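Contents: one structure, followed by commentary.
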């Protein structure tokens, strides 16, 4: 179901100011630090969250994605980053940049394992077998809706230096699975372990540094020979807490999916 701009605006304008103010206070109270964003930035992001939540409720939907960097008037209404994070914390799939493949990947892992995903772009360090996954949208309850919340700072959106987004700080030592459903027929997958959450003003705000078995082999095999399309298709992968490699192989048999290890 595609939601037209006029409908989004109508819902946005109808959101109760008291709800927005309470949500703004909750975000600020829960943060380790609020650095660049103003209170209005966080308030606008909170109103966008309630708008998305109402549209999801009206449509009885399980997931939402928005073309947030390709046409949505971010400066007029606010950034979706905080709202995406909170929806994923609640077990509702929220995917940025209209990435349907990542949204479907998140749905599969949510139904199968009860965990939210962190859509990311990778940077490879072949000298240390490290991959840093970065984006401005991440869940804070990476163990699932009933799990603990990761610490976070509220920053601006790094690529635009505007709005409000999270820098989430992940659990060091946590095994992770990196995955992406391609063309409804192939699941790309790899595993690693979190070694840190770098805080540098490059790439995007949330950064998950992971140790992998062989970063060079992963880089050489990135996409597994099946990825076509533009930047989103080639870069985006979804990170999940837990080593789900064997379970995804088993699920692939049941669903008729080809499973390709990128490492």
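Considering the range 233-259, the residues that are under 18 Å from residue 124 (Cβ atoms) and touching a residue at least 60 places away in the same chain (Cβ under 8 Å) include one that is surrounded by the fewest Cβ atoms within 10 Å (Cβ to Cβ), namely 233. Step by step: first the residues of the range 40-64, then only those that are in a loop (DSSP other than H, G, I, E, B) and at negative phi, then the one that is nearest to the chain's Cα centre (by Cα). Which residue is that? My answer is 62. Among the residues of the range 148-163, which ones are closer than 13 Å to residue 27 by Cα, outside any loop (DSSP other than H, G, I, E, B) and more than 15 Å from the chain's Cα centre (by Cα)? Within the range 148-163, 153, 154, 155 qualify. All told, residue 67 meets the bar of being in contact (Cβ under 8 Å) with a residue 12 or more places away in the chain and assigned to a loop (DSSP other than H, G, I, E, B). Can you find a residue in the range 31-39 that is at pLDDT 95 or above, part of a helix (DSSP H, G or I) and either closer than 25 Å to residue 98 by Cβ or out of contact with any helix residue (DSSP H, G or I) (no Cβ under 8 Å at 6 or more places or on another chain) (or both)? Within the range 31-39, not a single residue is at pLDDT 95 or above, part of a helix (DSSP H, G or I) and either closer than 25 Å to residue 98 by Cβ or out of contact with any helix residue (DSSP H, G or I) (no Cβ under 8 Å at 6 or more places or on another chain) (or both). Among residues of the range 134-152 that are free of Cβ contacts under 8 Å to residues at least 40 places away in the same chain, those with a beta-carbon under 8 Å from a residue that is assigned to a strand (DSSP E or B) and crowded, with 17+ Cβ neighbours inside 10 Å at least six positions away or on a different chain give the pairs 150/168. Here's a check for you: in the range 10-30, which residue that is in contact with a helix residue (DSSP H, G or I) (Cβ under 9 Å, 6 or more places away or on another chain) and in contact (Cβ under 8 Å) with a residue 60 or more places away in the chain is farthest from residue 58 (Cα to Cα)? Per the stated criteria, the residue is 28.
So which residues in the range 110-121 are surrounded by 22 or more Cβ atoms within 10 Å (Cβ to Cβ) and part of a strand (DSSP E or B)?
Across the range 110-121, the qualifying residues are 118, 119, 120.
Among the conditions (1) part of a loop (DSSP other than H, G, I, E, B); (2) within 24 Å of residue 70 (Cβ to Cβ); (3) within 18 Å of the chain's Cα centre (by Cα), residue 184 misses just one, which is (3). Among residues that are in contact (Cβ under 8 Å) with a residue 40 or more places away in the chain and out of contact with any helix residue (DSSP H, G or I) (no Cβ under 7 Å at 6 or more places or on another chain), residue 187 is not included.
Taking the conditions (1) closer than 21 Å to residue 243 by Cα; (2) free of Cβ contacts under 8 Å to residues at least 60 places away in the same chain in turn, residue 201 satisfies each one other than (1).
Being under 19 Å from residue 129 (Cβ atoms) and under 20 Å from the mean Cα position of the chain (by Cα) is true of residue 178. On the stretch given as the range 70-109, residues that are in a helix (DSSP H, G or I), surrounded by fewer than 16 Cβ atoms within 10 Å (Cβ to Cβ), within 14 Å of the chain's Cα centre (by Cα) and touching a residue at least 40 places away in the same chain (Cβ under 8 Å) total 0. With respect to (1) touching a helix residue (DSSP H, G or I) at 6+ places or on another chain (Cβ under 9 Å); (2) surrounded by 20 or more Cβ atoms within 10 Å (Cβ to Cβ), the lone exception for residue 133 is condition (1).
Candidates in the range 233-246 are the residues that are modelled with pLDDT of 95 or more and in contact with a helix residue (DSSP H, G or I) (Cβ under 7 Å, 6 or more places away or on another chain); of these, the one that is nearest to residue 119 (Cα to Cα) is 238.
The values are calculated or read from the model by the stated rules, or taken from the named source; none is laboratory data. Just so it is clear, the model here is predicted, and its values are computed rather than measured. Every residue, glycine as well, gets a Cβ built from its backbone with ideal geometry; the counts of neighbours run over all protein chains shown.
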